[in-house]
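Engineer: Below is the structure I would like to discuss, written out as structure tokens.
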Amino acid sequence: MEHALRTAFCALVGTKFAAVVAGGQSVAWLNGECEALADAHAEMPDDKRQAIKDALSLCKTASERRNILVHGVKTYSREGDGALLTFRSRKNSHVRVVQQWTPAEIGQVGRELSRATSQLYDALKSAVSHETFWLWGALSSEDRERREGTP
């Protein structure tokens, strides 16, 4: 999904140099910037902008669930059902958040990430030109050509 968000960021900024800014940015940052950029594209048909924003919303939700799963402190469940528990603290609270994750729920997180990524790619391909869609890789391609000595 990070790659899809970097692709979206570069396409919405509209320059190959956006890849420099997008490099190393978090999923949350990329998502927020892409949403702001989609809003700013007044020349883009409303339905295309909305499709991008809907996909970004799915990306945000999927990423949040992934982060809870990956970054929460984990322990096994006493139920013997293959589940694990995540423990998280919340800012300005002493109450810990405990969430159970069954193997099916863990798999669902992966499917949500995949679905959100596909939806974002589809929305972008529908909204921007082929050349604009591929801006994210332009600088890398130019670097490779310079190294290999090919025009």
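Engineer: How much length would be gained if the chain were fully extended between I68 and E105, taking 0.36 nm per residue of separation minus their Cα-Cα distance, in nm to one decimal?
Structural biologist: Length gained, I68 through E105: 12.1 nm.
Engineer: Wrap a convex hull around the Cα atoms of the stretch 47-115, take a quarter of its surface area, and give that in square nanometres.
Structural biologist: 5.9
Engineer: Now a separate question. So for the pair L85, E131, with labels modelled 7 Å out along Cα→Cβ, what separation do we get in nm?
Structural biologist: 5.8
Engineer: So for the stretch 1-140, considering every pair of alpha-carbon atoms, how many percent are separated by more than 26 Å? Display every interim value, and only then the final one.
Structural biologist: Details: 3411 of 9730 pairs.
Percentage above 26 Å: 35.
Engineer: Mind pulling the angle between the C-alpha long axis of helix 27-40 and the longest principal axis of the chain? Nearest 10 degrees, somewhere in 0 to 90.
Structural biologist: 50
Engineer: Based on the alpha carbons, how large is the Rg to Rh ratio for the stretch 63-151 when Rh follows Kirkwood?
Structural biologist: Rg divided by Rh gives 1.24.
Rule-based calculations on the coordinates, nothing more; no lab input. The structure displayed is predicted, hence computed values, not measured ones. We place every Cβ from the backbone using ideal geometry, glycine too, and count neighbours over all the protein chains shown.
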